[in-house]
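The values are calculated or read from the model by the stated rules, or taken from the named source; none is laboratory data. Here the structure is a predicted model, which is why all the values come from computation and not from measurement. We place every Cβ from the backbone using ideal geometry, glycine too, and count neighbours over all the protein chains shown. Note: areas computed on protein heavy atoms with side chains; ligands, DNA, RNA excluded. Shrake-Rupley method; radii C 1.70, N 1.55, O 1.52, S 1.80 Å.
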Amino acid sequence: GNSVTQMEGPVTLSEEAFLTINCTYTATGYPSLFWYVQYPGEGLQLLLKATKADDKGSNKGFEATYRKETTSFHLEKGSVQVSDSAVYFCALSFTGRRALTFGSGTRLQVQP
Amino acid sequence: DTAVSQTPKYLVTQMGNDKSIKCEQNLGHDTMYWYKQDSKKFLKIMFSYNNKELIINETVPNRFSPKSPDKAHLNLHINSLELGDSAVYFCASSQERQSPLHFGNGTRLTVT
C-alpha cells in the first residue's frame with residue numbers, strides 16, 4: 001500500500017537556522033506530494049505541493065522538490081522564525097482516490 | 001467566511017453515550033472527508049463522500065456512521081462511545097480531481 005515516512009520530532013532550532021524535515025514515500029505509480037502545516041489548535045493548511053517528478057513546490061520561504069529516484073520530498077527553509085513553530089505533515093495522493101495519505105507529522109519548535 | 005466549519009470544537013462525554021459532530025463547507029466542493037488524529041498526531045482517513053455518495057470507508061467500527069444530507073454537509077455520528085474514540089476529528093473538503101484538501105479546525109472528543 002501507499003505510505004509516507006517522516007523524521008521523528010520534535011525538531012528544535014534557533015531562529016534563523018536552516019530547516020530540513022525529511023519525507024520519503026512508498027507508492028505504486030506517481031502520486032502528487034504535499035506538505036501541510038498545523039498550527040496549535042488549528043486544522044491543517046496546505047503549505048506547498050508538487051505533482052510530478054522534479055517539480056519544486058514553494059511557499060512562505062519553504063521549498064520541497066519531488067525526487068522520484070529517491071522517492072523523497074524533503075521540506076527545507078533557509079531561515080526559520082518563531083512563527084514557523086508548528087507540526088508539519090508530508091502527504092501523498094492519487095487522482096481518482098482523493099484522500100490524502102499522511103505521514104506521522106514532525107513538530108518544529110523554533111526558539112528566539 | 002469560514003471555509004470548512006465543524007461543531008462543536010470540544011466534546012466531552014461519557015463512555016456508552018451517542019454523539020454527533022457536524023461539518024459544513026461553503027467552498028462549493030463536491031467531496032468531503034472525515035479524518036481522525038490520535039494523541040501522537042497521526043492522521044487517518046475514515047470516510048469520504050463525493051456528491052453525497054460514500055466513496056471511501058476505511059476500517060472503522062460500525063459505531064461510526066457518516067451522513068451527508070447534501071454535498072456541503074458531512075456529519076459524523078458515533079454510537080456507544082469508547083475511551084479509545086478520544087481524538088481530534090477533522091473534516092475536510094476538496095473539489096473532484098483536484099487538491100488540496102481544506103480542513104476544518106477540528107473537534108476534540110474526550111471520552112471519560
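Mind listing whichever residues of the stretch A:23-45 are in contact (Cβ under 8 Å) with a residue 40 or more places away in the chain, within 20 Å of B:Lys44 (Cα to Cα) and not aliphatic (A, V, I, L, M)?
If the condition is that a residue be in contact (Cβ under 8 Å) with a residue 40 or more places away in the chain, within 20 Å of B:Lys44 (Cα to Cα) and not aliphatic (A, V, I, L, M), then A:Cys23, A:Thr24, A:Tyr25, A:Thr26, A:Pro31, A:Ser32, A:Phe34, A:Trp35, A:Tyr36, A:Gln38, A:Tyr39, A:Pro40 are the ones that fit.
Can you tell me which of (1) farther than 19 Å from B:Ala3 by Cβ; (2) in contact (Cβ under 8 Å) with a residue 24 or more places away in the chain; (3) of a type in the set (A, V, I, L, M); (4) part of a strand (DSSP E or B) is the one B:Ile21 doesn't meet?
It fails just one condition, (1).
Limited to the stretch A:21-48, what total is found for residues that are within 17 Å of A:Thr70 (Cα to Cα) and open to solvent by 50 Å² or more (accessible area, probe 1.4 Å)?
5
Determine, yes or no, whether B:His77 is in contact (Cβ under 8 Å) with a residue 24 or more places away in the chain, under 16 Å from B:Ser20 (Cβ atoms) and of a type outside the set (A, V, I, L, M). Talk me through it step by step, then tell me what you get.
Working: in contact (Cβ under 8 Å) with a residue 24 or more places away in the chain: yes; under 16 Å from B:Ser20 (Cβ atoms): yes; of a type outside the set (A, V, I, L, M): yes.
So B:His77 passes the test.
Could you list, in sequence order, the residues of the stretch B:39-50 that are over 20 Å from B:Glu24 (Cβ atoms) and either facing chain A (nearest Cβ under 9 Å) or free of Cβ contacts under 8 Å to residues at least 40 places away in the same chain (or both)?
B:Lys40, B:Lys41, B:Phe42, B:Leu43, B:Lys44
Of all residues being open to solvent by 70 Å² or more (accessible area, probe 1.4 Å) and aliphatic (A, V, I, L, M) in the stretch B:2-26, which is farthest from B:Phe103 (Cα to Cα)? Just the residue, please.
Within the stretch B:2-26, the match that is farthest from B:Phe103 (Cα to Cα) is B:Met15.
Consider B:Asn51 carefully, then state whether it is over 11 Å from the mean Cα position of the chain (by Cα), under 29 Å from A:Lys49 (Cβ atoms) and among the polar types (S, T, N, Q).
For B:Asn51, the condition - over 11 Å from the mean Cα position of the chain (by Cα), under 29 Å from A:Lys49 (Cβ atoms) and among the polar types (S, T, N, Q) - is met.
With under 25 Å from B:Tyr10 (Cα atoms) and either touching a Leu at 6+ places or on another chain (Cβ under 9 Å) or without any contact (Cβ under 8 Å) to a residue 24 or more places away in the chain (or both) as the only criterion, which of A:Ser58, A:Ser93, A:Ser104 stands out?
A:Ser104
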